[in-house]
Structure formats: C-alpha cells, structure tokens
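Working notes for the structure below.
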Amino acid sequence: MRRGIVPGTFDPITSGHLDIIERAAGLLDEIVIGVALSPDKGGGPLFTADERVELIRRATAHLSNVSVKGFDTLLVNFADEVDASVIIKGLRAMTDFEREFQMAALNWRLDSKVETVFIMAIPEYMYLSSSAVKEIAMHGGSVRGLVPDVVCEALPHKLNEAR
Ligand code: PNS
C-alpha cells in the first residue's frame with residue numbers, strides 16, 4: 001500500500017492543484033492532502049484553515065482514495081504521522097524550481113525515507129496560482145474554470161467579508 005501526501009497552503013485550491021491531486025491519486029493507492037494550517041506567507045491566508053480544508057473536501061469528493069487533513073508541523077513529520085512515503089508536488093513555470101528544489105533537498109535532509117516526486121503542471125495551468133486567482137476575483141474578473149466550482153461560489157462572499 002503506497003500512500004502519498006500532496007501538501008500546500010491551498011488559499012484557495014485551484015484547478016491546477018486539483019489536476020495534480022487527480023493525477024497523484026491515479027499513481028498511488030492513497031493520497032492525503034496536507035493543508036498547512038498557519039503558512040509562513042506574508043499577509044496570512046484569506047480563507048481560514050477550516051474553510052480551506054472544507055473547500056478541498058468538496059472539490060475532491062469524487063476521488064475515493066483522497067482525504068484531507070490540516071497540519072502545523074514539519075512536512076516530514078506530517079508524512080510520518082499519516083504513514084506516507086511520498087511527497088507529491090506540482091511544478092509549474094521555471095520560477096517554482098528554486099523554491100521546490102530547496103524544499104525537496106531540506107526534506108530529504110530531514111528524513112531521507114520520504115521521497116519527493118514532482119508532477120508537471122499541464123500547459124493550461126502552468127501560470128495559475130492561488131494569488132493570481134484572488135487578484136483576478138478582487139478586481140471583479142471571472143475565475144470560472146481556474147478554480148473548482150465550490151471555490152468559484154465561495155470566493156466573492158469571502159472577499160466581501162474581508163473588505
Ligand atoms: O502552497 P505552498 O506555499 O507551496 O506550500 C508550502 C508548504 C506548506 C508545502 C511548505 O511551506 C511546507 O512544507 N511547510 C511545512 C514546514 C516544513 O516542513 N518546512 C521545511 C521544508 S523547507
């Protein structure tokens with residue numbers, strides 16, 4: 001039984017994330033999506049941890065071997081906690097490489113039994129990010145297709161709330 005984790009901030013989950021999760025779910029027996037509860041990103045997340053987890057649960061309801069769990073520890077400790085041997089990350093444009101290689105190298109240094117595997121984003125989602133989605137939505141643009149429908153519905157309400 002091979003279990004993998006797909007970690008991230010998911011603020012919010014995008015169609016690019018979902019594509020990577022679906023492809024990871026086809027490669028391994030089980031996938032646990034690890035939602036970083038308090039990400040060390042400037043400004044803090046728009047959606048609360050519970051909201052991010054709930055949106056992912058709804059967006060992945062069609063995937064029977066996928067579950068969602070928040071974590072607030074080192075990623076390798078989370079992998080150990082859920083008994084996963086693989087970390088799956090999506091890779092988009094060249095700009096992702098530096099950061100992802102650093103994280104993969106450090107995670108390997110922390111626990112070499114956990115393997116990091118990269119899945120290339122499809123061209124359609126190569127330049128898609130949660131920050132870009134929020135920026136488009138904030139300025140009244142349509143994000144339909146860029147995010148799962150549940151996020152498309154939640155985003156305007158959340159942005160109104162945050163204003
Ligand atoms: O959505 P993101 O910002 O690409 O996700 C980054 C995340 C959550 C995967 C990364 O910040 C992480 O692994 N955080 C846990 C803390 C950790 O283990 N840090 C050491 C590796 S550099």
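The values are calculated or read from the model by the stated rules, or taken from the named source; none is laboratory data. Worth saying up front: this structure is predicted, and the values here are computed from it rather than measured. When we count neighbours, we look across all protein chains shown, and the Cβ atoms used for this are built from the backbone with ideal geometry, even at glycine.
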Tally up the residues in the range 21-63 that are exposed (fewer than 15 other Cβ atoms within 10 Å of the Cβ), more than 10 Å from the ligand (Cβ to nearest atom) and in a loop (DSSP other than H, G, I, E, B), please. 7
Any chance the range 132-139 includes a residue that's farther than 18 Å from residue 92 by Cα, exposed (fewer than 12 other Cβ atoms within 10 Å of the Cβ) and among the hydrophobic types (A, V, I, L, M, F, W, C)? no
For the range 64-163, list the helices (runs of 4 or more DSSP H) that sit wholly inside it and hold at least 2 residues that are acidic (Asp, Glu); which are they? 75-81, 95-110, 149-162
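For the range 77-92, check the following and say yes or no: at least one residue is out of contact with any His (no Cβ under 9 Å at 6 or more places or on another chain) and at pLDDT below 95.
Scanning the range 77-92 turns up at least one residue that is out of contact with any His (no Cβ under 9 Å at 6 or more places or on another chain) and at pLDDT below 95.
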Which of (1) closer than 24 Å to residue 26 by Cα; (2) within 12 Å of the ligand (Cβ to nearest atom); (3) not hydrophobic (A, V, I, L, M, F, W, C) does residue 102 not meet, given it meets every other one? (1)
